[in-house]
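What follows is a set of notes on a single structure, which appears directly below.
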Amino acid sequence: MNQLETRELAYFVAVAETLHFGQAAERLGITQPPLSRAIAHLERRVGVPLLERTTRHVKLTAGGEAFLAECRTILAAIDTAVRKARKAAEQQRVTIAARPAAGPGVLPALLAAGAQGADGVLTDVVFTYDEVGALRDGTADVALMCQTVATPGLELMELGPERPVVLLPAGHPLADRPFLTLTEVEALPGYEAQLPNEPLDVMVDRVALGRLVVVVGESVRDRLGGFVRTVPVHGYPVTQLVLAWLPDAHSAVSRLTATAHAVMAANPVAQPAA
């Protein structure tokens, strides 16, 4: 077992996911005969059949189902290890994970500071709807996100509150109210409790057309245009805009957080609205 190769695991995953040796071979960039031999050799070493083969179909055995789950975990862990090793070799560079439209004042200020090599740290950004996942798999070193629930295992730096506002069409009967209660917002047609995984511009268009009602952080106000209004929501928890990172993050992350402190103190535009 200690001689199993990642190549063999990748071959097996390709066959298991396509259930077709020809398609799997094409996906892997090899021909079918060596793929078939590699799978047969793998089954001999594992000691149980992993696939049922006939001239008409390929099917996973019970052992194959269990082996597939573990192979995916192993290959994902190897990818993560490679990314983290490369990150460690480039400790002067920090990648920030953020949702599209998150921290519209903070993110540009951090990237601008990084472009100047502030504190010796260069910064990149990757946009994602799973900021914590990007930290854990090594895609990013730091996440800029709104914290709505506890995030165990992460170090946090609070940047400021993101007070909740509901997005409504400019002509909506409630658009001029000084505030709405959460109960009122939840009763509105088109209300979605979860923030859609889509760019802000798409959400704004849907709101303007009367097809969506959603609560967001007040810092997006400057990006809405004239067709959408914001109304504060009472009874909705205030979230914190935070930088988050793993405890074992490399030293450049600590330099970035120092830069973030300076950015927040010196650049009022980056501060969330009061």
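Since every read-out is calculated from the coordinates, none of them should be taken as a lab result. What you see is a predicted model, and the numbers here were worked out from it, not measured in a lab. No Cβ is skipped: glycine too gets one built from the backbone with ideal geometry, and neighbour counts run over all protein chains shown.
Quick notes on this structure:
- Residue with peak Gaussian network fluctuation, the chain [Cα springs, cutoff 10 Å], from Gln147, Gln240, Gln23: Gln23
- Amide H contacts of Thr61 (H built 1.01 Å from N, under 5 Å, at least 5 apart or other chain): Leu51, Glu52
- Between Arg27, Arg86, Arg206, the Gaussian network model of the chain with springs among Cα atoms under 10 angstrom shows the greatest mean-square fluctuation at Arg27.
- 5 angstrom amide H check on Arg93, placed H, neighbours 5+ away: Leu122
- Karplus-derived 3J(HN,Hα), 6.51/-1.76/1.60, for each residue of the range 65-76, Hz, glycine and proline x: 4, 5, 5, 4, 4, 5, 4, 4, 4, 5, 5, 5
- Applied to the range 250-260, the Karplus parametrisation 6.51 cos²θ - 1.76 cosθ + 1.60 on θ = phi - 60° returns per-residue 3J(HN,Hα) values of 6, 5, 5, 5, 5, 5, 5, 5, 5, 5, 4 Hz, with x for Gly and Pro.
- C-alpha long axis of helix 106-115 to longest principal axis of the chain, angle in °: 60
- Ranking of Phe21, Phe12 by count of other Cβ atoms within 10 Å, fewest first: Phe21, Phe12
- The helix-based estimate of mean residue ellipticity at 222 nm for the chain, built from -39,500 (n - 2.57) per DSSP H run of four or more residues and divided by its residue count, is -12500 deg cm²/dmol to the nearest 500.
- Alpha-carbon Debye profile of the range 164-234, log10 I(q)/I(0) at 0.11, 0.12, 0.23 Å⁻¹: -0.20, -0.24, -1.00
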